[in-house]
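The values are calculated or read from the model by the stated rules, or taken from the named source; none is laboratory data. Fair warning: this is a prediction, and the values are worked out from it, not measured in the lab. Don't worry about glycine lacking a Cβ; one is built from the backbone with ideal geometry, like all the others, and counts go over all protein chains shown. Surface areas here come from the heavy atoms of the whole protein model, side chains and all, with no ligands, DNA or RNA. Shrake-Rupley method; radii C 1.70, N 1.55, O 1.52, S 1.80 Å.
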Amino acid sequence: MYVYELFFSQASNAFLAQRIASINAMSAVCESTGADIHEVASAIGSDSRIGSEFLHVGPGFGGKCFHKDLRSLIYLCECMGQPEVASYWQSILDINDFQRRRFSCGIVNTLFSTVTNKCLAVLGFAYKNDTRDTSESPSIGVCKQLLDEGAILNIYDPEVSKDQILQDLLDRSIGQDKAVKRLVVHDDAYSAAENCHALVFCTEWSEFQVKYFI
């Protein structure tokens, strides 16, 4: 019975990850064609066969469960002699990585193709709102890529501690001495945003959705 319950959980998480990856993939199509992804997502969500949940575009999904369960499902398919199915579920992880890179590249391109020595406010570091968990958070990859591009980062998250943020970022391949000089963790969004060239919203915290940022 436990095995079935475990598989049900893995299957559910795989379907949710697939849904997030699908709307993010659709956002890439919309960007290329000039369509508004928010209008497209609203139209998709209005279809009663689909519904509107988990149709928010972002830098990708995070958290241990989605990644762990997808990798387990991929391994199971490979062991069962179903490489095509394994490849399908692997593509969900690939799209997620692609979306995170595309998100970072979009920031660089918006700032005239360079972020070297430009200050960016990264708002949100947890993998989702209402948690301090940073496991597999897309913010980590986004910040690493921006640091690699030479950006200066002001980071703020309502729940994630400074120690956790530094641990996640300074554990990466970028030189620690260089990175620590270009990283500042703030106690509030206002101080993080002060004198920055751009605001980078990585987590959908409710406090970031109010009008004082406009």
Out of segment 51-86, which residues are outside any helix (DSSP H, G or I) and open to solvent by 80 Å² or more (accessible area, probe 1.4 Å)? E53, F54, H56, M80, Q82
Subset of segment 17-42 (residues that are more than 26 Å from S72 (Cβ to Cβ), open to solvent by less than 60 Å² (accessible area, probe 1.4 Å) and in a helix (DSSP H, G or I)): S27, A28, C30, I37, V40, A41
Open to solvent by 60 Å² or more (accessible area, probe 1.4 Å), closer than 27 Å to L73 by Cβ and assigned to a loop (DSSP other than H, G, I, E, B) - does that describe any residue in segment 132-153? yes
Just to check your reading of the model, which residue among N109, N117, N96, N129 is open to solvent by 30 Å² or more (accessible area, probe 1.4 Å), assigned to a helix (DSSP H, G or I) and polar (S, T, N, Q)? N109
Output the number of residues of segment 112-143 satisfying the condition of being small (G, A, S) and free of Cβ contacts under 8 Å to residues at least 12 places away in the same chain. 1
Which pairs turn up if I take residues in segment 27-44 that are among the hydroxyl-bearing types (S, T, Y) and look for partners that are assigned to a helix (DSSP H, G or I) and surrounded by 10 or more Cβ atoms within 10 Å (Cβ to Cβ) with beta carbon separation below 8 Å, at least 6 apart in sequence or on another chain? S27/I37; S27/Q99
Considering only segment 196-214, state which residues are at pLDDT below 95, open to solvent by 30 Å² or more (accessible area, probe 1.4 Å) and within 19 Å of T110 (Cβ to Cβ). F213, I214
Does D163 satisfy the condition of being assigned to a helix (DSSP H, G or I) and surrounded by fewer than 19 Cβ atoms within 10 Å (Cβ to Cβ)? yes
Taking the criterion of being open to solvent by 80 Å² or more (accessible area, probe 1.4 Å), modelled with pLDDT of 95 or more, assigned to a helix (DSSP H, G or I) and closer than 22 Å to C65 by Cα, would at least one residue in segment 7-16 satisfy it? yes
